[in-house]
Amino acid sequence: MTKSHLELTGVEMAFDTPKGSFVALDNINLKIKKGEFVSLIGHSGCGKSTVLSIVAGLLQATKGGCILDGHEINSPGPERAVVFQNHALMPWLTVYENVELAVQQVFRKSMTKQERQNWVHHNLELVNMAHAANKRPGEISGGMAQRVGIARALAMKPSVLLMDEPFGALDALTRAHLQDSLMDIQQDLKNTVIMITHDVDEAVLLSDRIIMMTNGPAAAVGEDLYIDLERPRNRVTLADDPTYVHYRQEVLKFLYEKQRKLESITPRRNNQATDASMKKDTALKAKV
Amino acid sequence: MSTLTNSSSGTGILGWLKALADRFTGAELAQTGKQLLLPMVGILIFLGFWHLAAPQVNTSLGTFPGPVQVWEQSGQLWQEHADQRERADKFVTMQEARNARILADNPDADVRIRGYLGAPTFLDQVVTSLVTVMAGFLLATAIAVPLGIVLGLNHYLQAAVNPLIQIFKPVSPLAWLPLVTMVVSATYVSDDPMFEKSFLTSMITVTLCSLWPTLINTGVGVAAVNPDLLNVSRVLQLSFWTHVRKVVLPSSVPMIFTGLRVSLGIAGWC
Ligand SMILES: Nc1ncnc2c1ncn2[C@@H]1O[C@H](COP(=O)(O)OP(=O)(O)OP(=O)(O)O)[C@@H](O)[C@H]1O
Ligand SMILES: [Mg+2]
């Protein structure tokens, strides 16, 4: 078990732009164990999605590489299923057909037709969406569509589940609800997960480990925080658990002190104002 | 109609009348009105306007024809067509009768029936041109949709072919016609041709003119597929055909149909 499950070594990503080469990532090194739930957190534009795309095989690193279970990743594949921020369901297929498309593709040879049907239903039930199997994505809410996106990814039985801000587009209540569902599912399936998030509470609540990325360009791994909290976790009781609060503080410190975004939206705003608004933000979040 | 008969059961004629009355009240009426009445009203207003305005337009060639004259004229055209048909039928029956007589005298005689060679009537020409337009449009569709998909999928090819499309798109049918005629007469040589040369020439000209909007719109529609969906397709490792069938085509169908509509318009105008 010393050999890591997923390993990124010296990953550099440079984009060709009209203004020359833009180095988004510089020397990212990461080892992830099987079954680990890892969150990537960092300011907007630091390169989180780029890291995820490289692991997914959708982008090819310009230097370094990525190894999953001893094989180098150089193209996308269903063993690295992706949950996109905006569900990315085919609007012309029903909920059932969307999951079926994936199941059909991955288990065409290894399952009978009946088994595949059952497997689609099983995954829809897992995310509590079996009741809407025959609806189209346009007829269900954003939260429901996101559930289906998760069901589709889980249905591929991936060795790594990649999620790019899966709950970013949802309202706070729906988000909390889906986070709880995801924790339940994860409790049973024990998938290896890499999740991108902007939400500090989400990161601490769900993860075994939080990777904090420095600001781009040439972003790298800034801090690597292990979250040693008992599972199953309960958001209400954890809210004033000292360890939990400590972890939150660590992430907040990293984001807003060590890696403070220098450019602010209004150029005249001074640092004191930003500090004040940050404290307010912390206070607000603590209440939730 | 089923609603009428359904509600009439039991109460007889009264119930039927009531159902009929229901049709003309409230929501039902609004629905019927929208679908049927309003277009009728529009047409009637247009006819009225035409009828009143036509006599006011006096040109050196006479007054502008009103709806009544046009109606009369179309009746005449139809009559002409019917007469011509009758003559053609007579001509053929006459020949058949003659052939029967010849065969009765000499069973080995080589008999044949010549088609009636009268000038095609206005109606015949309308039918011919409609058939030509439809055939040309179908051929254009058969070429433009697959080609558009290929172009939309491949940026390099798109960049290479785009200038050509921009050059050929505005070429008028009058410019295509002589070129097509040349090529068709040179290449389409057959003793027993399946199509007439003139039909083939016009059809290909229609195709060449109406091809472009479908080609361009299909290309644009295919290139504009949501990148997230393309990523889903890549993660699932869909084969080329499955990718086209399940992702590319469904999402570009609206654009393809817009292109087809424009193409059909151009084909008809050719
Ligand atoms: N295809 C590309 N070409 C050029 N630059 C790119 C490309 N994709 C991303 N970038 C740049 O790389 C950097 C990282 O982008 P990325 O999308 O990974 O950020 P992110 O951390 O996911 O941001 P967010 O949190 O807003 O989603 C950004 O500065 C972005 O402008
Ligand atoms: Mg992103």
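The set of residues from region A:121-145 being of a type outside the set (A, V, I, L, M, F, W, C), more than 13 Å from chain B (Cβ to nearest Cβ) and buried (at least 17 other Cβ atoms within 10 Å of the Cβ) comprises A:N123, A:G143. Among the conditions (1) within 16 Å of ligand 2 (Cβ to nearest atom); (2) surrounded by fewer than 24 Cβ atoms within 10 Å (Cβ to Cβ); (3) under 22 Å from A:V106 (Cα atoms), A:L189 misses just one, which is (1). Those residues that are touching a strand residue (DSSP E or B) at 6+ places or on another chain (Cβ under 7 Å) and either small (G, A, S) or within 8 Å of ligand 1 (Cβ to nearest atom) (or both), I need them from region A:6-24; list them, please. Matches in region A:6-24: A:G10, A:M13, A:A14, A:F15, A:S21, A:F22, A:A24.
Taking the conditions exactly as written (touching a strand residue (DSSP E or B) at 6+ places or on another chain (Cβ under 7 Å) and within 13 Å of ligand 2 (Cβ to nearest atom)), does A:V38 satisfy them or not? No, not satisfied.
Residues that are within 16 Å of the chain's Cα centre (by Cα) and within 18 Å of A:I54 (Cα to Cα): does region A:167-189 have at least one? Scanning region A:167-189 turns up no residue that is within 16 Å of the chain's Cα centre (by Cα) and within 18 Å of A:I54 (Cα to Cα). Within region A:136-166, the set of residues being among the aliphatic types (A, V, I, L, M) and within 13 Å of the chain's Cα centre (by Cα) comprises A:I150, A:A153, A:V160, A:L161, A:L162, A:M163. Can you say whether A:L52 is within 16 Å of ligand 2 (Cβ to nearest atom) and closer than 14 Å to A:P217 by Cβ, as far as the supplied structure shows? Taking the combined requirement at face value, the residue does not satisfy it. Search region A:148-168 for residues that are within 10 Å of chain B (Cβ to nearest Cβ) and pair each with any residue that is surrounded by 24 or more Cβ atoms within 10 Å (Cβ to Cβ) and of a type in the set (S, T, N, Q) when their beta-carbon atoms are under 7 Å apart and the residues are at least 6 apart or on different chains. Within 7 Å, the pairs are A:R152/A:N98.
The one condition from (1) more than 17 Å from the chain's Cα centre (by Cα); (2) within 16 Å of ligand 2 (Cβ to nearest atom) that A:M213 does not meet is (1). The set of residues in region A:41-57 being away from every other protein chain (no Cβ under 12 Å) and within 8 Å of ligand 1 (Cβ to nearest atom) consists of A:G42, A:H43, A:S44, A:G45, A:C46, A:G47, A:K48, A:T50, A:V51.
When region A:75-95 is filtered for residues that are open to solvent by 10 Å² or more (accessible area, probe 1.4 Å) and either away from chain B (no Cβ under 11 Å) or part of a loop (DSSP other than H, G, I, E, B) (or both), the ones remaining, listed by number, are A:S75, A:P76, A:P78, A:E79, A:F84, A:Q85, A:N86, A:H87, A:P91, A:W92, A:L93, A:T94. Do we find that A:N29 is open to solvent by 10 Å² or more (accessible area, probe 1.4 Å), in contact (Cβ under 8 Å) with a residue 60 or more places away in the chain and within 27 Å of A:P137 (Cα to Cα) in this structure? No; evaluated as a whole, the condition is false for this residue. Considering only residues in region A:58-74 that are buried (at least 21 other Cβ atoms within 10 Å of the Cβ) and more than 24 Å from A:Y226 (Cβ to Cβ), the one that is nearest to ligand 1 (Cβ to nearest atom) turns out to be A:A61. Can we say A:I194 is under 20 Å from A:I150 (Cα atoms), open to solvent by less than 20 Å² (accessible area, probe 1.4 Å), at pLDDT 95 or above and within 15 Å of the chain's Cα centre (by Cα)? Yes. Reported count of residues in region B:224-261, each being of a type outside the set (D, E, K, R), away from every other protein chain (no Cβ under 11 Å) and surrounded by fewer than 16 Cβ atoms within 10 Å (Cβ to Cβ), is 4. Looking only at region A:177-186, decide whether some residue is in contact (Cβ under 8 Å) with a residue 60 or more places away in the chain, surrounded by fewer than 24 Cβ atoms within 10 Å (Cβ to Cβ), more than 16 Å from ligand 2 (Cβ to nearest atom) and closer than 21 Å to A:D241 by Cβ. Yes, that holds for at least one residue.
Taking A:V23, is it away from ligand 2 (no atom under 16 Å from the Cβ) and modelled with pLDDT of 95 or more?
Values: away from ligand 2 (no atom under 16 Å from the Cβ): yes; modelled with pLDDT of 95 or more: no.
Against the criterion (away from ligand 2 (no atom under 16 Å from the Cβ) and modelled with pLDDT of 95 or more), A:V23 does not qualify.
Residues are listed down the side, and each one gets a yes or a no for (1) assigned by TED's automatic domain parsing to the domain that holds A:T192; (2) touching a helix residue (DSSP H, G or I) at 6+ places or on another chain (Cβ under 8 Å):
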site: A:M13; (1), (2): yes, yes
site: A:V23; (1), (2): yes, no
site: A:N27; (1), (2): yes, no
site: A:S49; (1), (2): yes, no
site: A:V55; (1), (2): yes, no
site: A:L58; (1), (2): yes, yes
site: A:I67; (1), (2): yes, no
site: A:M90; (1), (2): no, yes
site: A:T94; (1), (2): no, no
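Residue count for region A:58-74, restricted to those that are more than 18 Å from the chain's Cα centre (by Cα), within 13 Å of another protein chain (Cβ to nearest Cβ) and not polar (S, T, N, Q): 1. Looking only at residues of region A:102-120 that are surrounded by 15 or more Cβ atoms within 10 Å (Cβ to Cβ) and free of Cβ contacts under 8 Å to residues at least 24 places away in the same chain, we find that the one that is nearest to the other protein chains (Cβ to nearest Cβ) is A:Q104.
The values are calculated or read from the model by the stated rules, or taken from the named source; none is laboratory data. Values in this document were obtained by computation on a predicted structure and should not be read as measured data. Using ideal geometry, Cβ is built from the backbone for each residue, glycine included, and neighbour counts are taken over all protein chains shown. Areas reflect the complete protein model, heavy atoms only, side chains present, ligands, DNA and RNA absent. Shrake-Rupley method; radii C 1.70, N 1.55, O 1.52, S 1.80 Å.
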